[in-house]
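The values are calculated or read from the model by the stated rules, or taken from the named source; none is laboratory data. Just so it is clear, the structure is predicted and the values come from calculations on it, not from any experiment. Cβ placement follows ideal geometry from the backbone for every residue including glycine, while neighbour counts extend to all protein chains displayed. To get the accessible areas, we keep the full protein, side chains included, count just its heavy atoms, and leave off ligands, DNA and RNA. Shrake-Rupley method; radii C 1.70, N 1.55, O 1.52, S 1.80 Å.
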Amino acid sequence: MKLIRGTGVAGLLGTAAVALMLGGVAAKAEAIKFWTTEEQPERLAKQQKLADDFKAKTGIDVEVIPVTESDLNTRATAAFAAGDLPDVIYTPIQNVLPWTEAGILDSAASSDVVDMLDPKTFAPGALKMVETDGDYAAVPVDGWTQMILYRKDIFEKEGLAPPTSFANIEAALKKLNNPPNMYGFVAATKVDDNYMSQVLEQIFLANGVSPVGPDGFKPLDEKKTVEVLNFYKALAKASPPGDNYWKQSRELYFSGKAAMIMWSPFILDELAGLRDSAPPMIDGNPTSTALAQDTGVVTNLSGPSDPAGASWADIRYFGITSDADTAAAEKFVDYSMNDGYGETLSIAPEGKFPVRRGTDADPAKFTTLWATLPVGVDRKAPLKDLYAPAVIDEITKGLDTAQRWGVTDGQLALASKMLNSQVINRVVRDYIDGGISAEDAVKKMNDELSKIN
């Protein structure tokens with residue numbers, strides 16, 4: 001169902017009129033400015049090509065300006081105060097709603113673009129994250145979901161169900177954990193590493209647990225949180241001892257000594273033997289695709305108190321600013337998500353899943369195109385040649401159920417502070433090491449998290 005618009009251009013004139021207006025006004029625009037956090041030279045070159053192609057089609061110049069992601073919020077705030085914002089900003093999710101509340105982004109303009117492209121063609125989770133007062137605060141561009149990678153060949157041989165739930169994973173641990181030859185899992189246990197925060201957030205989400213609500217801090221539900229803690233302790237028991245983080249999990253999986261790990265999709269090219277600095281050595285051949293072919297992927301994980309589960313996603317957006325040449329900016333975003341969407345995704349396909357699946361006429365157009373885009377560093381190949389169609393489908397499907405703490409409650413900033421404080425990491429580690437009971441761990445987390453604001 002289409003959201004009701006407020007004061008946006010499309011809300012006043014209607015979509016057809018907007019399309020006519022854009023054609024007239026955009027053609028007269030001399031130039032717009034586009035800020036992007038994709039500042040590596042190869043990625044900038046692809047964005048420049050997108051801008052050049054757009055100019056050839058519309059006559060509108062696009063100045064592509066790289067901005068370091070850690071500086072993005074500071075620069076946007078300063079530019080807003082000076083009345084000198086760019087027209088379009090490519091930004092991570094955490095900036096979207098705060099910038100909208102501050103007046104930096106024009107949600108009506110972004111909503112116009114989503115309406116013209118058709119909301120039904122987008123991954124529902126990506127749009128839901130930026131709904132605000134009947135509008136979409138920004139236009140979803142691309143994203144990635146955290147994945148559970150598992151040895152599909154071993155699971156099938158042992159008659160195990162895919163690791164889509166706490167119960168399925170625990171059943172697999174009982175059969176497959178046989179250290180040091182095979183660890184059932186490689187749980188994140190290094191408290192001061194962001195990898196542990198990221199893994200834990202997904203597992204809490206999977207059981208319907210969050211420390212924030214619409215009014216800020218929300219005490220963790222004891223029953224659900226104890227279920228999470230017990231599950232994580234089972235993962236840790238089936239993992240190598242010590243401080244494990246992303247590096248150990250990748251190394252153990254690549255050497256055939258881990259049945260399951262949790263990772264971002266940036267592992268996909270390495271897993272297929274396309275990166276010399278991180279070769280899979282399961283069969284002694286660093287360029288082999290054997291491990292990729294034996295790997296299954298799960299993006300949506302469910303716990304006993306939340307059978308629907310959730311996927312953890314990092315999603316990026318195009319924000320049209322309040323200082324923009326609105327018509328030209330809308331036209332550029334529309335082009336980048338339509339005729340130019342293949343170029344947009346090609347910047348880094350392994351980490352840029354298509355949040356827009358296709359068009360009304362061809363609902364799978366962009367997911368099909370994305371699977372043909374080459375990935376890799378030292379060698380390149382399209383994902384469709386490396387992974388089975390079911391794996392490709394699962395990778396992109398995760399964006400349908402994408403969640404993050406605090407997004408829908410407007411409390412992403414507070415949730416981020418809680419994660420960055422590492423309170424949850426420390427208490428979970430204390431619990432799995434046997435220093436505290438599960439119930440006391442919940443109380444301790446609630447006590448410490450309630451003091452963060």
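Check whether at least one residue in the range 54-65 is closer than 11 Å to Y90 by Cβ and outside any strand (DSSP E or B), and report yes or no.
Here is the first cut: in the range 54-65, the ones closer than 11 Å to Y90 by Cβ are 64-65.
Still in the list and also outside any strand (DSSP E or B): none.
Checking the range 54-65: not a single residue is closer than 11 Å to Y90 by Cβ and outside any strand (DSSP E or B).
For every residue, the table says whether it meets (1) buried (at least 16 other Cβ atoms within 10 Å of the Cβ); (2) at pLDDT below 95.
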site	(1), (2)
G24	no, yes
P41	no, no
A56	no, no
L72	yes, no
| Any hit, the range 228-240, residues being touching an Asp or Glu at 6+ places or on another chain (Cβ under 8 Å), over 18 Å from L301 (Cβ atoms) and touching a residue at least 12 places away in the same chain (Cβ under 8 Å) | no
| message | Every residue in the range 235-246 that is open to solvent by less than 30 Å² (accessible area, probe 1.4 Å) and more than 9 Å from A187 (Cα to Cα), please. | response | none
| note | Screening T368, T359 for residues that are outside any helix (DSSP H, G or I) and either open to solvent by 10 Å² or more (accessible area, probe 1.4 Å) or of a type in the set (A, V, I, L, M) (or both) leaves only T359
| note | Note on G143: of the conditions (1) within 23 Å of the chain's Cα centre (by Cα); (2) surrounded by fewer than 21 Cβ atoms within 10 Å (Cβ to Cβ), unmet is (2)
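Out of the residues in the range 284-339 that are within 25 Å of S255 (Cβ to Cβ) and open to solvent by 40 Å² or more (accessible area, probe 1.4 Å), state the one that is modelled with the lowest pLDDT.
Filtering the range 284-339 for residues within 25 Å of S255 (Cβ to Cβ) gives 284-299, 301.
Now drop any that are not open to solvent by 40 Å² or more (accessible area, probe 1.4 Å), which leaves 284-287, 289, 293-294.
Numbers: G284: 88, N285: 93, P286: 94, T287: 95, T289: 95, Q293: 95, D294: 96.
The extreme case among them is G284.
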| query | Which condition does E156 not pass, out of (1) outside any helix (DSSP H, G or I); (2) surrounded by fewer than 20 Cβ atoms within 10 Å (Cβ to Cβ); (3) without any contact (Cβ under 8 Å) to a residue 40 or more places away in the chain, if it passes all the others? | reply | (1)
| field | Condition broken by Q94, with the remaining ones in (1) more than 17 Å from the chain's Cα centre (by Cα); (2) among the polar types (S, T, N, Q); (3) surrounded by fewer than 24 Cβ atoms within 10 Å (Cβ to Cβ) satisfied | value | (1)
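Take the range 52-72 and flag every residue that is in contact with a strand residue (DSSP E or B) (Cβ under 9 Å, 6 or more places away or on another chain) and free of Cβ contacts under 8 Å to residues at least 40 places away in the same chain. First the steps, then the outcome.
First, pick out the residues of the range 52-72 that are in contact with a strand residue (DSSP E or B) (Cβ under 9 Å, 6 or more places away or on another chain): 52, 54-55, 60-67, 69, 72.
Within the range 52-72, D52, K55, D61, E63, V64, I65, P66, V67, E69, L72 qualify.
Listed here are the residues, each with its yes/no results for (1) in contact (Cβ under 8 Å) with a residue 24 or more places away in the chain; (2) open to solvent by less than 60 Å² (accessible area, probe 1.4 Å); (3) part of a helix (DSSP H, G or I); (4) within 11 Å of Y317 (Cβ to Cβ).
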residue: A76; (1), (2), (3), (4): yes, yes, yes, no
residue: P86; (1), (2), (3), (4): yes, yes, no, no
residue: W99; (1), (2), (3), (4): yes, yes, yes, yes
residue: D112; (1), (2), (3), (4): yes, yes, yes, no
residue: K120; (1), (2), (3), (4): yes, no, yes, no
residue: L127; (1), (2), (3), (4): no, yes, yes, yes
| Taking only pairs six or more apart or across chains, which ones have beta-carbon atoms under 6 Å, a first residue in the range 415-433 that is under 16 Å from K237 (Cα atoms), and a second residue that is among the small types (G, A, S)? | Y431/A441; I432/A236
| field | For D400: the one exception among (1) open to solvent by 50 Å² or more (accessible area, probe 1.4 Å); (2) at pLDDT 95 or above; (3) assigned to a helix (DSSP H, G or I); (4) not aromatic (F, W, Y) | value | (2)
| note | Going through (1) in contact with a Gly (Cβ under 8 Å, 6 or more places away or on another chain); (2) within 13 Å of S210 (Cβ to Cβ); (3) surrounded by fewer than 21 Cβ atoms within 10 Å (Cβ to Cβ); (4) not small (G, A, S) one by one, Q411 fails only at (3)
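Given the criteria closer than 30 Å to S107 by Cβ, among the polar types (S, T, N, Q), open to solvent by less than 10 Å² (accessible area, probe 1.4 Å) and under 17 Å from the mean Cα position of the chain (by Cα), does Q202 qualify?
On the way: closer than 30 Å to S107 by Cβ: yes; among the polar types (S, T, N, Q): yes; open to solvent by less than 10 Å² (accessible area, probe 1.4 Å): yes; under 17 Å from the mean Cα position of the chain (by Cα): yes.
It is true that Q202 is closer than 30 Å to S107 by Cβ, among the polar types (S, T, N, Q), open to solvent by less than 10 Å² (accessible area, probe 1.4 Å) and under 17 Å from the mean Cα position of the chain (by Cα).
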| said: Looking at the structure I just gave you, is A167 in contact (Cβ under 8 Å) with a residue 60 or more places away in the chain, open to solvent by less than 20 Å² (accessible area, probe 1.4 Å) and assigned to a helix (DSSP H, G or I)? | reply: no
| said: Among the residues of the range 184-192, are any surrounded by fewer than 21 Cβ atoms within 10 Å (Cβ to Cβ), over 30 Å from G340 (Cβ atoms) and touching a Gly at 6+ places or on another chain (Cβ under 8 Å)? | reply: no
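Please determine, by comparing only the residues of the range 373-397 that are part of a helix (DSSP H, G or I) and open to solvent by less than 60 Å² (accessible area, probe 1.4 Å), which one is nearest to L271 (Cα to Cα). Don't jump to the end; show me each part of the working.
So the first thing to find is which residues in the range 373-397 are part of a helix (DSSP H, G or I), and the list is 383-385, 389-397.
Remaining after also requiring open to solvent by less than 60 Å² (accessible area, probe 1.4 Å): 383, 391-392, 394-396.
Values: L383: 11, V391: 13, I392: 14, E394: 17, I395: 15, T396: 18 Å.
So the residue we want is L383.
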